[in-house]
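Working notes for the structure below.
The values are calculated or read from the model by the stated rules, or taken from the named source; none is laboratory data. The structure displayed is predicted, hence computed values, not measured ones. Positions of Cβ are generated from backbone atoms using ideal geometry, with glycine treated the same way; all protein chains shown enter the neighbour counts.
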């Protein structure tokens, strides 16, 4: 009951915050990009909150509990630099474009409404499918905690994030995302010590975990061995970690729910600083959470379904008040991703697909709000009835963006010969490559090991189409001029105070790297292998 | 209970399940499907080089990112 109350109280707080922030929404820029004046804290909060959904605390936690924390962490080695590379070579230029949506950026950059529409269509389809999956996750969790039926849970969850997004747009999403980010981060770091204590404290918890006979080699880099293992040979595991890691690195670098946050940053410095802090926070959350989930096997090796491992630990091993924060935190992780997704879909439909240059700001704002409600209603319907096509797309919706948007996004900044034809072909070829691979797999005509993700084939198709399409055509004067304008460092970014402050942040990364290496060495490597 | 319901729906659609191998249908961002290969065999006398490399690289990638970012910022924002 206490967990139900905790969840409901948190819902009331998020909704109230959304309504309060809505009073500050005065124009389209406020609604779409939070007035482009968001601080580092807000951008970090939204970057991390929209990346980590219920999946991180349930799906990923389960994968670790099942004996594969190390492969997951090896994968993270390739995912984490996505923030830094993304902001350096795409995010800060995206911000310079002053676009309101990502498809608008692509449209402006290539002086092509077709490119804009195609980008918008992929965004709407891909993120709607993803929204459905994340809403289902939050709905299932809420239903299990409260005991109310699944359908009602979905309706409540959808109502909460729709209310926040409808009323306050990007401004509300940024503030609530940040609150939710603080809740689940605090919950994680409060819960972990209690779990480790219950497992015997450090370093005993790690030693016991490494000696578990039922799950041998759990602390080896390739995960568990023996009959229960399902990830194949060590080289398969390594290939899986590297390839899926690179794919997810691209997702972090170019996906709409990550890069759109840079459009809201106060300046480029804020965008750069945010990506640095997000890298550090994700590295710490992943390392501590997943190694801790392994140790739960020494306390209770039969949590079923294993997705409940973090929830079970928080409810049974930590004091009740921490358990309440943890459960509310996981729900918050789901809600924050959903609100970001809804905002992106609604905005893209209003601004990119239904666009009308004669429309006044007030009318666009009104239409944008209506679209948020319409999209929420459609998403809820899909979630309730779960049509196979949408459910199928949701499996690979996130990685679809890595394949279809990745090459174009970077080339739009880095390659002067890229043309609108190349961009258009690239986006389409990436989509087709991913979809065709998935369809062939579904029909049983293609049997690939999991490390050969469909995004790899999509990415190759997209890259090839970009090169061929661009080399067969010539960039127009408008395209060349737009790119040249993007490459000029704006005067406002040359403020010595800002530059001095930004130069401090890489030092934070270096120090964090050393600290993380020391933590890993002392608490993981030494106890097990010395 | 809800998991049984989810399993039933997935079986009905015969669609690859998103989520972890043991997710029993929980929607996920990632695919953790079985590789369909032989399970890893316990190898006697295996060294700990892989674990040591992980220990170095997990923090090392953050450290390297820091160095790369420092160089980048100095070059771009003079």
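Quick test for you: out of A:278, A:274, pick the one residue that is under 18 Å from the mean Cα position of the chain (by Cα), within 12 Å of another protein chain (Cβ to nearest Cβ), buried (at least 22 other Cβ atoms within 10 Å of the Cβ) and within 26 Å of residue A:18 (Cβ to Cβ). Break it down stepwise before answering.
Details: A:274 fails: within 12 Å of another protein chain (Cβ to nearest Cβ).
Sole residue among the options that is under 18 Å from the mean Cα position of the chain (by Cα), within 12 Å of another protein chain (Cβ to nearest Cβ), buried (at least 22 other Cβ atoms within 10 Å of the Cβ) and within 26 Å of residue A:18 (Cβ to Cβ): A:278.
When residues of segment A:308-320 are filtered for being more than 26 Å from residue B:58 (Cα to Cα) and within 11 Å of another protein chain (Cβ to nearest Cβ), how many remain?
Of the residues in segment A:308-320, 1 are more than 26 Å from residue B:58 (Cα to Cα) and within 11 Å of another protein chain (Cβ to nearest Cβ).
For a quick check of your reading of the model, give me the residue pairs whose first member lies in segment A:216-241 and is more than 8 Å from chain B (Cβ to nearest Cβ), whose second is assigned to a loop (DSSP other than H, G, I, E, B) and surrounded by fewer than 24 Cβ atoms within 10 Å (Cβ to Cβ), with beta-carbon atoms closer than 7 Å and at least 6 apart or on different chains.
A:218/A:212; A:239/A:451
Does segment A:245-260 include one or more residues that are away from chain B (no Cβ under 12 Å) and closer than 13 Å to residue A:65 by Cβ?
The answer is no; no qualifying residue exists.
For every residue, the table says whether it meets (1) buried (at least 24 other Cβ atoms within 10 Å of the Cβ); (2) under 21 Å from the mean Cα position of the chain (by Cα).
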| site | (1), (2) |
| --- | --- |
| A:124 | no, yes |
| A:134 | yes, yes |
| A:141 | yes, yes |
| A:145 | no, no |
| A:151 | no, no |
| A:157 | yes, yes |
| A:164 | yes, yes |
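Taking helices (runs of 4 or more DSSP H) that fall entirely within segment A:152-260, which contain at least 1 residues that are touching a helix residue (DSSP H, G or I) at 6+ places or on another chain (Cβ under 7 Å) and under 30 Å from residue A:370 (Cβ atoms)? So that I can check it myself, show each step before the final result.
Numbers: elements: A:204-210, A:234-254, A:256-259.
Answer list for segment A:152-260: A:234-254, A:256-259.
Mind listing whichever residues of segment A:284-341 are in a loop (DSSP other than H, G, I, E, B) and buried (at least 22 other Cβ atoms within 10 Å of the Cβ)? Step through it out loud before you land on a result.
Applying the first criterion (in a loop (DSSP other than H, G, I, E, B)) to segment A:284-341 yields A:299-305, A:318-319.
Answer for segment A:284-341, where residues must be in a loop (DSSP other than H, G, I, E, B) and buried (at least 22 other Cβ atoms within 10 Å of the Cβ): just A:318.
Tell me, which helices (runs of 4 or more DSSP H) lie completely within segment A:445-522 with 3 or more residues that are free of Cβ contacts under 8 Å to residues at least 24 places away in the same chain, facing chain B (nearest Cβ under 7 Å) and in contact with a helix residue (DSSP H, G or I) (Cβ under 9 Å, 6 or more places away or on another chain)?
Details: elements: A:454-472, A:477-487, A:496-520.
Those helices (runs of 4 or more DSSP H) span A:496-520.
From the list A:321, A:312, which one is under 25 Å from residue A:523 (Cβ atoms) and without any contact (Cβ under 8 Å) to a residue 60 or more places away in the chain? Don't jump to the end; show me each part of the working.
Working: A:321 fails: under 25 Å from residue A:523 (Cβ atoms).
None of the others qualify; the one that does is A:312.
Would you be able to tell me the number of residues in segment A:281-307 that are touching a residue at least 24 places away in the same chain (Cβ under 8 Å), out of contact with any helix residue (DSSP H, G or I) (no Cβ under 8 Å at 6 or more places or on another chain) and within 12 Å of another protein chain (Cβ to nearest Cβ)?
The first filter runs over segment A:281-307 and keeps only residues touching a residue at least 24 places away in the same chain (Cβ under 8 Å), leaving A:281-299, A:301, A:303, A:305-307.
Adding the requirement that they be out of contact with any helix residue (DSSP H, G or I) (no Cβ under 8 Å at 6 or more places or on another chain) leaves A:301.
Then drop every residue that is not within 12 Å of another protein chain (Cβ to nearest Cβ), which leaves none.
Final tally of qualifying residues: 0.
If we keep just the residues of segment A:24-58 that are at pLDDT 90 or above and not in a helix (DSSP H, G or I), which is surrounded by the most Cβ atoms within 10 Å (Cβ to Cβ)?
Checked segment A:24-58; the qualifying residue surrounded by the most Cβ atoms within 10 Å (Cβ to Cβ) is A:38.
Restricting the search to segment A:308-325, which residues are in contact with a helix residue (DSSP H, G or I) (Cβ under 7 Å, 6 or more places away or on another chain) and farther than 30 Å from residue A:254 by Cα?
Our first condition is that a residue be in contact with a helix residue (DSSP H, G or I) (Cβ under 7 Å, 6 or more places away or on another chain); within segment A:308-325, this holds for A:309-311, A:313-315, A:317-318, A:320, A:322-325.
The answer is A:309, A:311, A:313, A:314, A:315, A:317, A:318, A:320, A:322, A:323, A:324, A:325.
Take residue A:115 and decide whether it is part of a helix (DSSP H, G or I), at negative phi and either surrounded by 22 or more Cβ atoms within 10 Å (Cβ to Cβ) or out of contact with any helix residue (DSSP H, G or I) (no Cβ under 9 Å at 6 or more places or on another chain) (or both).
Working: part of a helix (DSSP H, G or I): yes; at negative phi: yes; either surrounded by 22 or more Cβ atoms within 10 Å (Cβ to Cβ) or out of contact with any helix residue (DSSP H, G or I) (no Cβ under 9 Å at 6 or more places or on another chain) (or both): yes.
Yes.
Looking at residue A:157, is it within 12 Å of another protein chain (Cβ to nearest Cβ) and either out of contact with any strand residue (DSSP E or B) (no Cβ under 9 Å at 6 or more places or on another chain) or free of Cβ contacts under 8 Å to residues at least 40 places away in the same chain (or both)?
On the way: within 12 Å of another protein chain (Cβ to nearest Cβ): no; either out of contact with any strand residue (DSSP E or B) (no Cβ under 9 Å at 6 or more places or on another chain) or free of Cβ contacts under 8 Å to residues at least 40 places away in the same chain (or both): yes.
Criteria not met by residue A:157.
Kindly list, by first and then second residue, each pair from a residue in segment A:367-381 that is without any contact (Cβ under 8 Å) to a residue 60 or more places away in the chain to a residue that is assigned to a helix (DSSP H, G or I) and surrounded by fewer than 15 Cβ atoms within 10 Å (Cβ to Cβ), limited to pairs with Cβ atoms under 8 Å and residues at least 6 apart or on different chains.
Note: no pairs meet the criteria.
Based on what the data block shows, is residue A:139 closer than 30 Å to residue A:22 by Cα and either within 14 Å of another protein chain (Cβ to nearest Cβ) or in contact with a helix residue (DSSP H, G or I) (Cβ under 7 Å, 6 or more places away or on another chain) (or both)? Reasoning before the result, please.
Details: closer than 30 Å to residue A:22 by Cα: yes; either within 14 Å of another protein chain (Cβ to nearest Cβ) or in contact with a helix residue (DSSP H, G or I) (Cβ under 7 Å, 6 or more places away or on another chain) (or both): yes.
Yes.
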